[in-house]
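The values are calculated or read from the model by the stated rules, or taken from the named source; none is laboratory data. What you see is a predicted model, and the numbers here were worked out from it, not measured in a lab. Cβ atoms come from the backbone with ideal geometry, glycine included; neighbour counts cover every protein chain shown. SASA here: full protein model, heavy atoms, side chains in, ligands and nucleic acids out. Shrake-Rupley method; radii C 1.70, N 1.55, O 1.52, S 1.80 Å.
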Amino acid sequence: MADQTLGRKIYDGAIVALEVMVLDLKMMFSLIKAIFEFFVPPKLKSVENEIILITGTGHGMGREVALRLGRLGGKVICVDINKKGNQETVDLIRKESGKAYRYECDVTNREAVLELKEKVCREVGEVTMLINNAGIMPCKPFLAHNAAEIRAVFELNIIAHHWTCQAFLPSMMERNHGHIVAMSSMAGLLGLRNLVPYCATKYGVRGFMESLSEELREHPKDYSGIKFTTIFPYIVDTGLCKNPKVKFTNLMKIVSPQEAADQIVDSIRRNYFSNTIPKSMHYNIMMANALPRDVGLHAKDFVDSGLDPHPY
Ligand SMILES: NC(=O)c1ccc[n+]([C@@H]2O[C@H](COP(=O)([O-])OP(=O)(O)OC[C@H]3O[C@@H](n4cnc5c(N)ncnc54)[C@H](O)[C@@H]3O)[C@@H](O)[C@H]2O)c1
């Protein structure tokens, strides 16, 4: 009996040792792959004939991303509450012989999103790529935010992502093919003054994307054909950030919406799980997170950049 118990213990120990060895090999392989891909990025995938729904296409980065995906042969579903701006985007895409379709929808309204889903499916087809881009940014000290502003920023910047994903993810799951993209922000990686509710929503976007992708990854069915990309831009010159404060303009460059869109489309086509704009910020944040909090705070104070309040 004692021999049997000892034998069992040795057997269990050997199994754990084997599992740890396999884990080490897997981790080593992924690390080497990541280092390799730093120097040789993954190939750009085609988006031709993908049905790509983008929210907030009436202006800024949404418009620029839509234009680029239209040029690449995607069927672009332009969604915005601003009919005029959205029509301009559709016209620009069509002028370049791209395929674009205009839909008005307030994506904070769950029923409106579900109706949009039915309409798009009937008129164009099943959406294979969803880009949750629309966002707002009240910028003022925390206590100056009123209740309506706080609710509005949560409704659009994070709750709407739940509505659009619940509407468009199921058909991607049925085909094990799709891509969900979300616009977070540097404010989703760092706490920034004057942006308390905004930061809370952009941290929320990060959590939403991490956990949704985990839910599919751990699912017994294979959903590896559904990709996730979260973008963390710093300051993009779209007019959203009205009073940017940047001490070292070379280090923390304010980028144009066109430059930002080039990087967003590149990240999508390479199936990156996340990317910062500018790219260098990724390593700064990684370093700051690895260091004790106070060390990172000194660096943040030295860089001294962010946003001054502006009327909303
Ligand atoms: N501009 C920046 O510096 C910056 C930096 C980091 C992250 N971001 C994020 O990137 C995204 C795009 O930013 P941008 O600067 O291009 O914005 P923008 O203000 O230029 O455009 C946003 C678009 O969203 C639309 N929209 C607003 N409410 C909507 C609603 N309820 N339903 C549908 N559409 C709606 C607007 O009409 C507008 O066309 C946002 O999520 C923003 O938070 C922007």
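The rows are residues; the columns are (1) among the basic types (Lys, Arg); (2) within 28 Å of ASP262 (Cβ to Cβ); (3) not in a helix (DSSP H, G or I).
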| site | (1), (2), (3) |
| --- | --- |
| LEU23 | no, no, no |
| LEU31 | no, no, no |
| PHE36 | no, yes, no |
| ILE54 | no, yes, yes |
| THR57 | no, yes, yes |
Any idea which of (1) more than 16 Å from the ligand (Cβ to nearest atom); (2) assigned to a helix (DSSP H, G or I) is the one CYS199 doesn't satisfy?
(1)
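Would you say TYR234 is open to solvent by 10 Å² or more (accessible area, probe 1.4 Å), near the ligand (Cβ under 8 Å from one of its atoms), in contact (Cβ under 8 Å) with a residue 24 or more places away in the chain and closer than 20 Å to ILE159 by Cβ? I'd like the intermediate steps shown before the answer.
Details: open to solvent by 10 Å² or more (accessible area, probe 1.4 Å): yes; near the ligand (Cβ under 8 Å from one of its atoms): yes; in contact (Cβ under 8 Å) with a residue 24 or more places away in the chain: yes; closer than 20 Å to ILE159 by Cβ: no.
Here the answer is no, as TYR234 does not meet what is asked.
If you check SER184 against the conditions, is it open to solvent by less than 50 Å² (accessible area, probe 1.4 Å), touching a helix residue (DSSP H, G or I) at 6+ places or on another chain (Cβ under 7 Å) and of a type in the set (S, T, N, Q)? Break it down into steps so the answer makes sense when it comes.
Details: open to solvent by less than 50 Å² (accessible area, probe 1.4 Å): yes; touching a helix residue (DSSP H, G or I) at 6+ places or on another chain (Cβ under 7 Å): yes; of a type in the set (S, T, N, Q): yes.
Taking the combined requirement at face value, the residue satisfies it.
Quick one: is TYR103 part of a strand (DSSP E or B), out of contact with any Pro (no Cβ under 9 Å at 6 or more places or on another chain) and not small (Gly, Ala, Ser)?
Working: part of a strand (DSSP E or B): yes; out of contact with any Pro (no Cβ under 9 Å at 6 or more places or on another chain): yes; not small (Gly, Ala, Ser): yes.
Criteria met by TYR103.
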Working only within segment 129-144, note down all residues that are open to solvent by less than 20 Å² (accessible area, probe 1.4 Å), more than 16 Å from the chain's Cα centre (by Cα) and not hydrophobic (A, V, I, L, M, F, W, C).
PRO138
Condition (residue is polar (S, T, N, Q), over 19 Å from the mean Cα position of the chain (by Cα) and within 16 Å of the ligand (Cβ to nearest atom)) applied to segment 38-51: is it met by at least one residue?
no
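Is it the case that some residue within segment 267-275 is assigned to a loop (DSSP other than H, G, I, E, B), of a type in the set (D, E, K, R) and either at positive phi or open to solvent by less than 70 Å² (accessible area, probe 1.4 Å) (or both)?
Going through segment 267-275, the residues assigned to a loop (DSSP other than H, G, I, E, B) turn out to be 270-273.
Keeping just the survivors that are of a type in the set (D, E, K, R) gives 270.
In the following step, the residues that additionally are either at positive phi or open to solvent by less than 70 Å² (accessible area, probe 1.4 Å) (or both) were identified as 270.
Yes: segment 267-275 contains one or more residues that are assigned to a loop (DSSP other than H, G, I, E, B), of a type in the set (D, E, K, R) and either at positive phi or open to solvent by less than 70 Å² (accessible area, probe 1.4 Å) (or both).
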Mind listing whichever residues of segment 223-237 are modelled with pLDDT of 95 or more and not hydrophobic (A, V, I, L, M, F, W, C)?
TYR223, SER224, GLY225, LYS227, THR229, THR230, PRO233
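So, in segment 113-126, of the ones that are part of a helix (DSSP H, G or I) and surrounded by fewer than 16 Cβ atoms within 10 Å (Cβ to Cβ), which residue ends up farthest from the ligand (Cβ to nearest atom)? Quick ask: steps written out before the conclusion?
Let us first name the residues in segment 113-126 that are part of a helix (DSSP H, G or I), namely 113-123.
Narrowing further to those that are surrounded by fewer than 16 Cβ atoms within 10 Å (Cβ to Cβ): 114-115, 118-119, 121-123.
On the way: LEU114: 14, GLU115: 14, GLU118: 17, LYS119: 15, CYS121: 19, ARG122: 20, GLU123: 18 Å.
Only one residue tops the list, namely ARG122.
Residue check: is ARG71 open to solvent by 40 Å² or more (accessible area, probe 1.4 Å), out of contact with any Ser or Thr (no Cβ under 7 Å at 6 or more places or on another chain), farther than 20 Å from LEU169 by Cβ and free of Cβ contacts under 8 Å to residues at least 60 places away in the same chain?
Values: open to solvent by 40 Å² or more (accessible area, probe 1.4 Å): yes; out of contact with any Ser or Thr (no Cβ under 7 Å at 6 or more places or on another chain): yes; farther than 20 Å from LEU169 by Cβ: yes; free of Cβ contacts under 8 Å to residues at least 60 places away in the same chain: yes.
Here the answer is yes, as ARG71 does meet what is asked.
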Given (1) within 12 Å of the ligand (Cβ to nearest atom); (2) of a type in the set (Gly, Ala, Ser); (3) open to solvent by 20 Å² or more (accessible area, probe 1.4 Å); (4) touching a residue at least 24 places away in the same chain (Cβ under 8 Å), where does SER256 come up short, assuming only one miss?
(4)
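Could you say which residue among VAL90, VAL76, VAL47, VAL113 is farther than 20 Å from ASP262 by Cα and either at pLDDT 95 or above or among the hydrophobic types (A, V, I, L, M, F, W, C) (or both)? Spell out the reasoning first.
Details: VAL90 fails: farther than 20 Å from ASP262 by Cα; VAL76 fails: farther than 20 Å from ASP262 by Cα; VAL47 fails: farther than 20 Å from ASP262 by Cα.
Sole residue among the options that is farther than 20 Å from ASP262 by Cα and either at pLDDT 95 or above or among the hydrophobic types (A, V, I, L, M, F, W, C) (or both): VAL113.
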Please list, ordered by first then second residue, the pairs with beta carbon atoms under 6 Å, 6 or more apart or interchain, first in segment 76-101 and among the aliphatic types (A, V, I, L, M) and open to solvent by less than 10 Å² (accessible area, probe 1.4 Å), second part of a strand (DSSP E or B) and within 13 Å of the ligand (Cβ to nearest atom).
ILE77/LEU53; VAL79/THR55; VAL79/TYR103; VAL90/CYS78; VAL90/ARG102; ALA100/CYS78
Using the structure shown, decide if ILE77 is in contact with a strand residue (DSSP E or B) (Cβ under 8 Å, 6 or more places away or on another chain), away from the ligand (no atom under 11 Å from the Cβ) and assigned to a strand (DSSP E or B).
yes
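Considering each residue of segment 258-273, count those that are small (Gly, Ala, Ser) and within 13 Å of HIS179 (Cα to Cα), and give that number.
1
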Could you pull out the residue among LYS247, LYS242 that is in contact with a strand residue (DSSP E or B) (Cβ under 8 Å, 6 or more places away or on another chain) and touching a residue at least 12 places away in the same chain (Cβ under 8 Å)?
LYS242
